[in-house]
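Derivation of every value follows stated rules applied to the coordinates shown; laboratory data play no part. Quick caveat, the model's predicted, so the values are computed rather than measured. Reconstructed Cβ throughout: ideal geometry from the backbone, glycine too, with neighbour counts over all protein chains shown.
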Amino acid sequence: MTKAILLLFAAGLSWVSVGAAVGYVERRGYDLVLYQILLCAVCVALGLAGWLAAPGSFFPKDGAPALTWWVVIVALLLCGAFNYLMNAMMGKAMKRGPNAVVWAIIQSGLVYPFLMGGLVFGVPMGPRRLCGIALIVASVFLYAAREKKPAGDAQRGGENSGGGPSAAGLTALRLWLPAALLGMLFCGINQCAANLPSYLEKGSEFSGTFRTFAIYFGLLVAALADRAFKRLRGGRASVPPPPGQFRALAAWAAGVGAISFLSTKYLTFPGLDALERLGAGSMGYPVMVAACIIGFFPYGALVLHERIGALQAVGATLGLAGILLGCL
């Protein structure tokens, strides 16, 4: 159990690179679709290399039921597609809102695989875990809350005499919060899809290389489809990026792609499979999300110089407490 938890905690920390890259691309006004295409190309190439290096270990040695094959393949492709949609919403929200808070809201989508494990596959959900879900949901509301300013600041900022949020502040919140909440939904769906094979007969015997390859192939198809649609409509997607932008996107894609592929292959799936064998499969994503939230808040404060308000700090505390209760 301890080894599996450590594997998943390390995997969660590696996710910080994903959020950092998406935030960087959007803040610079770069082409996020092109970035995701390049990222997928790196991961798909690594998957094909792994397949050629060890073709016999790609699939279950003794075969698997036909239903397992279909569910695994469809689930992993959908995981990739919803991962793409999640990143698109994350980019929109991070461009206008505090990156650390946006990241925490989106990663709170962990409640979906948690509920899937309990409601669909019979993973025990006692009072502590239900309380954990309630705390996670409460934390999302606190992440999105706006604190009142002192009266002097309110007057200078155009706020009312009661210190409530200004019209400009509420407008800014509306610009990023809906995208963050939609990203949370897509995050939950893609986590359910990624976690599903571990519950199936012989599903965990599909190699981490194959599962990682299939996820990024699904993401690549979604990105290419979006690219083609935007080209038909015209706009930025139909104009080649400047050489400097392309080099920056390629560098981020190569680095994040290598981290993501190796982390998913050697940390995420081995950890999820180990927990499922122990009858604790629903703990997997809560552990990873706890790690990535813990890692991203310092990144937001130290690298992006984002100020996290008291309500957001309380939200992070409640969210991590909820995740901890979910793991008990």
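For this structure, a couple of remarks:
- Computed extension gain for Phe141 through Val120, at 0.36 nm per residue and net of the alpha carbon distance, reaches 4.9 nm.
- Inter-label distance for His305 and Leu67, nm, one decimal - labels placed 7 Å from Cα along Cα-to-Cβ: 5.8
- Whether region 1-66 is rounded, prolate or oblate, judged on the alpha carbon gyration tensor where a/c under 1.5 counts as rounded: oblate
- You can think of it this way: the chain between Ala54 and Ala225 has 58.5 nm of extra reach, that is 0.36 nm per residue less the Cα-Cα gap.
- Working note: Debye formula, equal point scatterers on the alpha-carbon atoms of region 189-267, no solvent; log10 I(q)/I(0) at q = 0.18, 0.23, 0.26, 0.27 Å⁻¹ is -0.91, -1.14, -1.25, -1.28.
- Full-extension gain in nm, Ile259 to Leu232, via 0.36 nm per residue minus C-alpha separation: 6.4 nm
- For the peptides 303-316, 190-203, residues were scored by their other Cβ atoms within 10 Å and the scores averaged per peptide; the highest-first order is 190-203, 303-316.
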